[in-house]
Amino acid sequence: MWLLRLAWALATLGIALGSDPNPGTTATPPDTASIFADLSPAELRAVRTFLLRRPELGLVPSRGGPLAKNTLFLVELLPPKKRVALRYLDRGGPRPRRQARAVVFFGGQAEPNVTEFAVGPLPRPDSYRPLRFKGGGTIPFTARPMTQLEYELLYRTVAEATEPLHRLLHDTTGFGFHNCSRRCLTFTDTAPRGLASGERRSWLVLQRFVEGFFLHPVGLELLVDHRDPDPRRWAVQQLWYNGRYFSSPQELAESYERGTLAVVHLPEPPSQQLFSSYEPRGRFSTGTPTEVHGAKVCEPQGRRYRLRGNRLEYGGWSLAFRLRSSAGLQLFDLRFNGERVAYEVSVQEAVAFYGGHTPAAMQTKYMDAGWGMGSVAYELARGIDCPETAAYLDVHHLYDADGPVRFSGAVCVFELPTGVPLRRHFDSDFQGGFHFYAGLEGQALVLRTTSTVYNYDYIWDFLLYPNGVMEAKVHATGYIHATFYTPRGRRYGSRVHSHLLGNLHTHLVHYKVDLDVAGTGNSFETMDVRFENISNPWSPGGRVVQPRLSRQRRRSERQAAFPLGAALPRYLLYHLAVTRHHENEPTSSSIYAQNEPWQPLVSFEGFLRDNESIEDQDLVAWVTVGFLHVPHAEDIPNTATPGNAVGFFLRPFNFFDEDPSVASRGPVIVRPLDPPTFSRLEIQRWTPATPGPCVAPGPFAYNGTYRQH
C-alpha cells in the first residue's frame, strides 16, 4: 500500500442534474461546487450560437451535407486551473471565470484539422482562444472521432460496394442491404483505423440486424478506406469471408458463382426466444419463484444524504461532481469532515485489447474515450440499474449534435445496504453467555452512471463509506465483441454459439487520483513486508521468525511508476504511476487516441520522461485496474456483472485518531443485565426501534429517450 503524507492510502478491489421530485435535492448549485458543474443547456446553446456567428470560423450544422465542412463537434465545461480554483475555495480569492471547451472539425479547408478552443466567459461568451496540448502541434483530421454523418456515409458506401455480393449474402444469411425491410444487414466497426499515422481504414464486421446483432456476424468482414473527406473516393480494399481473403467484392462474388467458395448457411433466426435476447427461457430446477419481486432497497425514515445541484453530502463526506461528455464521471473537492482528501478523482480511459483469427478481431484495440465514453450515458432503469429510491439526475451533452441533448435520469445517487456490518463484535464469556454485543450496519452512498459504448456497458460507481473510505469501481456487462467462428479461431477465445467466437480480451481502466491530504505538499512511500529471523528475547537459544515492515520513500517519478508485469511492493496491490501535478497534464488520454494511437496527442509516457522529484510536491496518482476476459457460453446473452468488476479503495491510514464512523448514530449495543441467567438485556440504539414501512408502491416506468431541445 502506498501512502501520501502518511495519511490516505489506496488498496485494490481485486480482479476476478435534472428533474427529480423527491426531497433531498434542490436545483440551485451552491456557489463553491458550481465552478465544477457541467454546462447548462443555456450555456451550451450560448457557446454554439457565439461560435457559429464568427465568420472567420465558417461553421455550419453538423448533421447532413458533406464531410468536407467546418462543424462544431463537442462543447463541455473547461474546468478552472487548479491553482485558481484553490485560491477561490481556500483563500477567498476571485471566483474562476466559467469557460467552455469547444472542439471544431475544420474539414472544409485545404488542410483539414481539428482545433480545440476555450470559449468564455459564460453565460455570455464574447471571446475564444486556441487550446494547446502539452506536446504542441495540430490535431490531424484523421484523428477525429467518428460522427453520425460519417457512419451514414459509410453505410451507404458498404451497401453500394456489396451489390455484387447480394446473391451470396441472400443465400447464406437471408438478409441484405437493399430493400431489406426487417431483414437488413448492419456492421460493427473496429479500431484503430489503420496501421500508421494518417490512415483512416476500418475493418467492418457484417451482422444480421436482429436484437443483439453483435452476436450475429455473417462471416464477412470488409476493410474500407474512408480517409478522404469526399466519400466518393472511399473504397473497399480487402474482404475476409470464412477464413479467406479477397481483394475486391467482385473476386469474392466470382468465387461464389464458380462454386469454389466454402460457404456457411446460417439458420433462420427464430421470431421468439432468440439466443441474443433477454426473453426468459428454461426453468430453474428448484422451482423457487422468480415471477415475483426480489429484495429491494428502502429508506424507512427518508434520505440520509443531501444533493444540491452538483454538491453531494453524506455523513462526513462532501464533494462536487460532473459527467463530462468526453470521459465520464469526475469528482472534485472531495472532503471528509471538512478537510480535503482529494482535489480530483476521475475516470480517464477504458481500453479493451482483443485477439483473434479474423482481421477485425486482430485489429481491435478499443480506447473508449475516443467514442465519447461520457456522452453515451443513457437513462437508468428504476429498480434495475439503480434502486427505486434513488435520486435520478438528467444530463445534457452537445456531442456530435446541433444543440444540447438531454439524457433523462442518466446519473443516480442512492444509499446502499452493503449486507455486511461495517464492524461488529460478540464478546463471549465462554460459558454459554456474553459480556456484550455491538455492531454497526454497513451502508454506503453510491454515485452511479453507465456508458454504453456500442456493445459493452460499463457501470461506473463511486462509493462513500462512513469510515472515511471511498471506493471507485466499474462493472463490465453488455454484449461481448464477437466474430465469426472458424476452427482456427479457437486459439483466441471460446465457441459460444454455433457460428460465434467470443474473442479473448483484456480490460484496462485508468483513473486520475489527485490527492491533497492535509494540503498539496505530499510525498510517496511504499511499504513491503520482509521476514526476519531473530533471537528470542524471552527464551535464550530460541529463534523467532516474524514479518516486519520495510518502508521506502519514492523520490522521483520513475521510482514511482510500476508498469504492468513489474514486481510490486506487497502493500501496493495494483499498478500505478505517481507524477507531479501540472496544469498542462490534466488527462492521461484524449478523444483522439483511438484514431491516432501512433503519435498520440496526449502521451502519458511524456508525464514521466522528465523524472521530476516527487518529494513534498503536489502529486497525482494514475491508477490502472483491469482483468482478462476469456468469453464463455455463459456470456450469452450478456456478460454478467459478478466476477467482472475492478476498482480501488481510497482509505485513511493513521490519519484519524480512531475510526471516524464512531460519529454514526447507527450502532446497536446489547448488554446482559443479569448474568448468568441473561433474562434481561439492555439494548442501546440511537435510531428508531423499528424501521417502519419500506418501499412505496408504484408500477415500473421507463422512458429511455434523449432528445435535442
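The values are calculated or read from the model by the stated rules, or taken from the named source; none is laboratory data. Since we're looking at a predicted model, the values are computed, not measured. No Cβ is skipped: glycine too gets one built from the backbone with ideal geometry, and neighbour counts run over all protein chains shown. Note: areas computed on protein heavy atoms with side chains; ligands, DNA, RNA excluded. Shrake-Rupley method; radii C 1.70, N 1.55, O 1.52, S 1.80 Å.
Which condition number does Gly468 fail, the rest of (1) buried (at least 20 other Cβ atoms within 10 Å of the Cβ); (2) under 18 Å from Gly328 (Cα atoms) being met?
The single condition Gly468 does not satisfy is (2).
Scan the stretch 68-119 for residues that are outside any strand (DSSP E or B) and within 21 Å of Glu199 (Cα to Cα) and report the count.
At the first step, the residues of the stretch 68-119 found to be outside any strand (DSSP E or B) are 68-69, 79-98, 107-112.
Of the ones still in play, those that are also within 21 Å of Glu199 (Cα to Cα) are 68-69, 107-112.
Total satisfying the criteria: 8.
Condition first: at pLDDT below 95, under 30 Å from Glu268 (Cβ atoms) and of a type outside the set (A, V, I, L, M, F, W, C). Can you find one or more residues in the stretch 458-479 that meet it?
Among the residues of the stretch 458-479, not one is at pLDDT below 95, under 30 Å from Glu268 (Cβ atoms) and of a type outside the set (A, V, I, L, M, F, W, C), which makes the answer no.
Residue check, Glu299 against (1) buried (at least 17 other Cβ atoms within 10 Å of the Cβ); (2) at pLDDT 95 or above, all met but one. Which one?
All conditions are met except number (2).
Scan the stretch 506-534 for residues that are open to solvent by 30 Å² or more (accessible area, probe 1.4 Å), farther than 30 Å from Ala361 by Cβ and either of a type in the set (S, T, N, Q) or part of a loop (DSSP other than H, G, I, E, B) (or both) and jot them down.
Result: Ala518, Gly519, Thr520, Asn533.
Condition (residue is within 30 Å of the chain's Cα centre (by Cα), open to solvent by 30 Å² or more (accessible area, probe 1.4 Å) and aromatic (Phe, Trp, Tyr)) applied to the stretch 198-212: is it met by at least one residue?
Yes, the conditions are met somewhere in the stretch 198-212.
Under 6 Å by Cβ, and 6 or more places apart or on different chains, what pairs join a residue from the stretch 261-288 that is at positive phi and polar (S, T, N, Q) with one that is assigned to a loop (DSSP other than H, G, I, E, B) and surrounded by fewer than 16 Cβ atoms within 10 Å (Cβ to Cβ)?
Going by the 6 Å Cβ cut-off, the qualifying pairs are Gln273/Glu279; Gln273/Arg281.
Quick check on my filter: what residues within the stretch 213-232 are open to solvent by 10 Å² or more (accessible area, probe 1.4 Å) and either in the same structural domain as Asn503 (by the TED database) or of a type in the set (Asp, Glu) (or both)?
Once the filter is applied, which keeps residues that are open to solvent by 10 Å² or more (accessible area, probe 1.4 Å) and either in the same structural domain as Asn503 (by the TED database) or of a type in the set (Asp, Glu) (or both), the stretch 213-232 yields Asp225, Asp228, Asp230.
Kindly indicate the residue of the stretch 578-598 that is of a type in the set (Val, Ile, Thr) and part of a loop (DSSP other than H, G, I, E, B) and also least open to solvent (accessible area, probe 1.4 Å) among those meeting that condition.
Taking the stretch 578-598 as the starting set, the residues that turn out to be of a type in the set (Val, Ile, Thr) are 578-579, 587, 591.
In the following step, the residues that additionally are part of a loop (DSSP other than H, G, I, E, B) were identified as 587, 591.
Values: Thr587: 49, Ile591: 5 Å².
Per the stated criteria, the residue is Ile591.
So Ala350 ticks every box in (1) closer than 28 Å to Asp189 by Cβ; (2) open to solvent by 10 Å² or more (accessible area, probe 1.4 Å) but one. Which box is left unticked?
Every listed condition holds for Ala350 apart from (2).
Restricting attention to the stretch 397-449, and to residues there that are open to solvent by less than 20 Å² (accessible area, probe 1.4 Å) and more than 30 Å from Pro41 (Cα to Cα), which single residue is nearest to the chain's Cα centre (by Cα)?
My answer is Ala444.
Counting only residues that are open to solvent by less than 80 Å² (accessible area, probe 1.4 Å) and either closer than 22 Å to Leu619 by Cα or charged (D, E, K, R) (or both), which one in the stretch 535-558 is modelled with the highest pLDDT?
The first filter runs over the stretch 535-558 and keeps only residues open to solvent by less than 80 Å² (accessible area, probe 1.4 Å), leaving 535-536, 539, 542, 544, 546, 550, 554, 556-557.
When the remaining residues are screened for being either closer than 22 Å to Leu619 by Cα or charged (D, E, K, R) (or both), the result is 554, 556-557.
Details: Arg554: 83, Ser556: 75, Glu557: 74.
So, considering only residues that are open to solvent by less than 80 Å² (accessible area, probe 1.4 Å) and either closer than 22 Å to Leu619 by Cα or charged (D, E, K, R) (or both), the one modelled with the highest pLDDT is Arg554.
Can you tell me how many residues within the stretch 164-184 are out of contact with any Ser or Thr (no Cβ under 8 Å at 6 or more places or on another chain), part of a helix (DSSP H, G or I) and under 14 Å from Leu206 (Cα atoms)?
Total meeting the criteria: 6.
Kindly establish whether Gly374 is among the small types (Gly, Ala, Ser) and either in contact with a Ser or Thr (Cβ under 6 Å, 6 or more places away or on another chain) or open to solvent by 10 Å² or more (accessible area, probe 1.4 Å) (or both).
The answer is yes for Gly374.
Spot the failing condition for Glu525; the list is (1) closer than 30 Å to Ser664 by Cα; (2) at pLDDT below 95; (3) among the acidic types (Asp, Glu), and only one is missed.
Only one criterion in (1) closer than 30 Å to Ser664 by Cα; (2) at pLDDT below 95; (3) among the acidic types (Asp, Glu) is unmet by Glu525, namely (1).
In the stretch 450-465, which residue that is in a strand (DSSP E or B) and among the polar types (S, T, N, Q) is surrounded by the fewest Cβ atoms within 10 Å (Cβ to Cβ)?
Kept after step one, since they are in a strand (DSSP E or B), are these residues of the stretch 450-465: 450-453, 456-464.
Then keep just the ones that are among the polar types (S, T, N, Q); that gives 450-452.
Details: Thr450: 25, Ser451: 26, Thr452: 15.
Across the stretch 450-465, the extreme among qualifying residues is Thr452.
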